[in-house]
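As structure tokens, the structure follows; a few thoughts come after it.
The values are calculated or read from the model by the stated rules, or taken from the named source; none is laboratory data. Not measured: the values here are computed from a predicted model. Every residue, glycine as well, gets a Cβ built from its backbone with ideal geometry; the counts of neighbours run over all protein chains shown. The area values use the complete protein model at the heavy-atom level, side chains included, leaving out ligands, DNA and RNA. Shrake-Rupley method; radii C 1.70, N 1.55, O 1.52, S 1.80 Å.
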Amino acid sequence: MTGTTAPRRRGRWIEEWDPEDETFWKRTGERTARRNLLWSVLSEHIGFSIWSLWSVMVLFMGPQYGIDPAGKFFLIATATFVGALVRVPYTFAVARFGGRNWTVFSALMLLAPTAAAIAVMEPGTSYGTFLLVAALTGVGGGNFASSMTNINAFFPLRKKGWALGLNAGGGNIGVPVVQLAGLLVIATAGAGHPRLLLAAYLPLIVLAAVLAAVRMDNLAPVRNDTGAVREALRDAHTWIMAFLYIGTFGSFIGYSFAFGLVLQTQFGRTPLQAASLTFIGPLLGSLIRPVGGALADRFGGARITLGTFTAMAAAAGVVVLASQRSSLPVFLVGFVALFVLSGLGNGSTYKMIPGIFQAKALARGMSGEAAAAYGRRLSGASMGLIGAVGALGGLGINLVFREAFLSSGSGTAAFVTFLGFYALCCAVTWAVYLRRPAPAVAPVAGAEAKPQLTSV
């Protein structure tokens, strides 16, 4: 098969696409897929920056804004919540409108929350207005779901861990980048000039949209498939992976949004001091995400995911100890470790998704392109659901922090809760995907007794 552009369609459409065909992949597929991956990363990167905007804006909001820490946690929780919800329609928009077309549109949508924040970011604005504008930034969270669904269709199974990890990691870096940009503004112009940061993103948003329009493609074989959606909704593995993704991505985005505010509230850091530390964890967690995908490609996603959750539970224990003793250095070590580990787990869990559904196809007697097509079909349909539920974990983290600080003025109780959740994730990963003797779901879970399925 070869990629062809149909003149009867408006825009850049590829009518035939078979990445599992090695001849096609080497001749034209890989080059096209990598080009789309590059510009997808840029657009998703800007989307993450806008989604996480209020993790930075709250650092600019001094006493003159009249908003207490609990109110600030609720602002960033609102952005998290909306970003999680819009991931579902954004996933299915790729099949309806085309990956390239939707990338252009979704990038331009980022202008709305950015311009709205420029208009309202000053003392005297009502809290309800801030909530509304924070909710608008949720459209940036949707970009992740559409981008991952689109890139998933471009790459063969053997490359998905690397490709999805790189796509998501490049997007995740949008969080520390906007935090670094906020640090630069606070350090040079002061905490009274948040509009400088916001204005800088307007041309970047337009640039991302233009480059997507010029350099990306739509895949005609990716069609809206309501049957795939229904099948994904009924499949237990969709919800098991969504639960695990709460522990990885939910941790990453929740901690990214809350880190600076925790430093200010619990450890008395100034806005400049908090901003100078906030970006470190999200940056390392983003950079290591492709490593998690690559390790999953080599050793199996379930093994890497289990090891990640085990280490996250240990890191949460370190943070609990540091919180009890008010030790900022130990706290930073444990908290940054949580970021790094969540990044690894993000890569490995997303690698598991297409592997699980292709394994189901093999278990049903399919082979070759039929199994690969089934895996792409079901994994594409499930990714939006898994991504949405996982992002809700970020909402949960911010609400747990809010409750902990309201009740005790400390985040210790929140970190104990997170430790318990990671222990539960360990148990679920082992019981469903790694337990011996193999459980009933083993044929679709990458059990070692089935060598052809170890990519899961």
>> Suppose the filter is at pLDDT 85 or above, more than 20 Å from Gly247 (Cβ to Cβ), of a type in the set (Gly, Ala, Ser) and more than 24 Å from the chain's Cα centre (by Cα); does Ser367 pass it?
In response: no
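If a residue has to be in contact (Cβ under 8 Å) with a residue 40 or more places away in the chain and either crowded, with 21+ Cβ neighbours inside 10 Å or within 24 Å of Gly390 (Cβ to Cβ) (or both) to count, how many in segment 329-340 make the cut?
We begin by selecting, within segment 329-340, every residue in contact (Cβ under 8 Å) with a residue 40 or more places away in the chain; these are 331-332, 335-336, 338-340.
Right, trim to either crowded, with 21+ Cβ neighbours inside 10 Å or within 24 Å of Gly390 (Cβ to Cβ) (or both) and you get 331, 335-336, 338-340.
So the answer is 6.
Conditions tested, residue by residue: (1) at pLDDT 90 or above; (2) open to solvent by 40 Å² or more (accessible area, probe 1.4 Å); (3) of a type in the set (D, E, K, R).
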site	(1), (2), (3)
Ala372	no, no, no
Arg377	no, yes, yes
Met383	no, no, no
Gly394	no, no, no
Ser408	no, yes, no
>> Out of the residues in segment 20-39 meeting the condition of being touching a residue at least 24 places away in the same chain (Cβ under 8 Å) and out of contact with any Pro (no Cβ under 9 Å at 6 or more places or on another chain), tell me which one is farthest from Met148 (Cα to Cα).
In response: Arg27
> Looking only at segment 189-198, which residues are farther than 18 Å from Ala134 by Cβ and at pLDDT 95 or above?
Replying inline: Leu196
>> If I go through segment 196-239 residue by residue, how many of them are outside any loop (DSSP other than H, G, I, E, B) and either without any contact (Cβ under 8 Å) to a residue 12 or more places away in the chain or open to solvent by 70 Å² or more (accessible area, probe 1.4 Å) (or both)?
In response: 13
>> With the structure loaded, tell me whether Lys360 is surrounded by 21 or more Cβ atoms within 10 Å (Cβ to Cβ), in contact (Cβ under 8 Å) with a residue 12 or more places away in the chain and under 20 Å from Gly227 (Cβ atoms) or whether it fails that test.
In response: yes
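Tell me, yes or no, whether segment 131-150 has at least one residue that is open to solvent by 50 Å² or more (accessible area, probe 1.4 Å), within 28 Å of Phe299 (Cα to Cα) and touching a residue at least 12 places away in the same chain (Cβ under 8 Å). Quick ask: steps written out before the conclusion?
Step one: list which residues in segment 131-150 are open to solvent by 50 Å² or more (accessible area, probe 1.4 Å), which gives 132, 136.
Then keep just the ones that are within 28 Å of Phe299 (Cα to Cα); that gives none.
No - not one qualifying residue is present in segment 131-150.
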>> Between a residue in segment 69-94 that is in a helix (DSSP H, G or I) and any residue that is among the aromatic types (Phe, Trp, Tyr) and open to solvent by 10 Å² or more (accessible area, probe 1.4 Å), which pairs come within a Cβ distance under 6 Å, given they are 6 or more apart or on different chains?
In response: Pro69/Phe405; Ala93/Trp102; Val94/Trp102
> Residues in segment 107-137 that are under 23 Å from Val389 (Cβ atoms) and touching a Phe, Trp or Tyr at 6+ places or on another chain (Cβ under 7 Å): how many?
Replying inline: 2
> Which residue pairs have Cβ atoms under 7 Å apart, sit 6 or more places apart or on different chains, and have a first residue in segment 406-419 that is closer than 28 Å to Tyr245 by Cβ and a second that is open to solvent by 60 Å² or more (accessible area, probe 1.4 Å)?
Replying inline: Thr412/Gln324
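Restricting to segment 268-311, name every residue that is outside any helix (DSSP H, G or I) and under 20 Å from the mean Cα position of the chain (by Cα). Walk me through it before giving the result.
Just the residues of segment 268-311 that are outside any helix (DSSP H, G or I), to begin with: 268-270, 279, 300.
The answer is Phe279, and nothing else.
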>> Cβ-Cβ distance below 7 Å, separation of 6 or more or different chains: which pairs start in segment 307-328 with a residue that is without any contact (Cβ under 8 Å) to a residue 60 or more places away in the chain and end on one that is of a type outside the set (A, V, I, L, M, F, W, C) and surrounded by 15 or more Cβ atoms within 10 Å (Cβ to Cβ)?
In response: Ala315/Gly334; Val318/Gly334; Ala322/Gly334
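For (1) assigned to a helix (DSSP H, G or I); (2) among the hydrophobic types (A, V, I, L, M, F, W, C); (3) closer than 26 Å to Thr412 by Cβ, each residue gets a yes or a no:
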site: Ala313; (1), (2), (3): yes, yes, yes
site: Val318; (1), (2), (3): yes, yes, yes
site: Lys351; (1), (2), (3): yes, no, no
site: Ile356; (1), (2), (3): yes, yes, no
site: Leu378; (1), (2), (3): yes, yes, no
site: Leu385; (1), (2), (3): yes, yes, no
site: Gly390; (1), (2), (3): yes, no, yes
site: Gly394; (1), (2), (3): yes, no, yes
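Could you tell me whether Arg10 is open to solvent by 20 Å² or more (accessible area, probe 1.4 Å) and modelled with pLDDT of 95 or more? Give the steps one after another, and end with the answer.
Working: open to solvent by 20 Å² or more (accessible area, probe 1.4 Å): yes; modelled with pLDDT of 95 or more: no.
No: the conditions fail for Arg10.
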> Got a sec? Which of Ala242, Ala191 is under 20 Å from the mean Cα position of the chain (by Cα) and in contact (Cβ under 8 Å) with a residue 60 or more places away in the chain?
Replying inline: Ala242
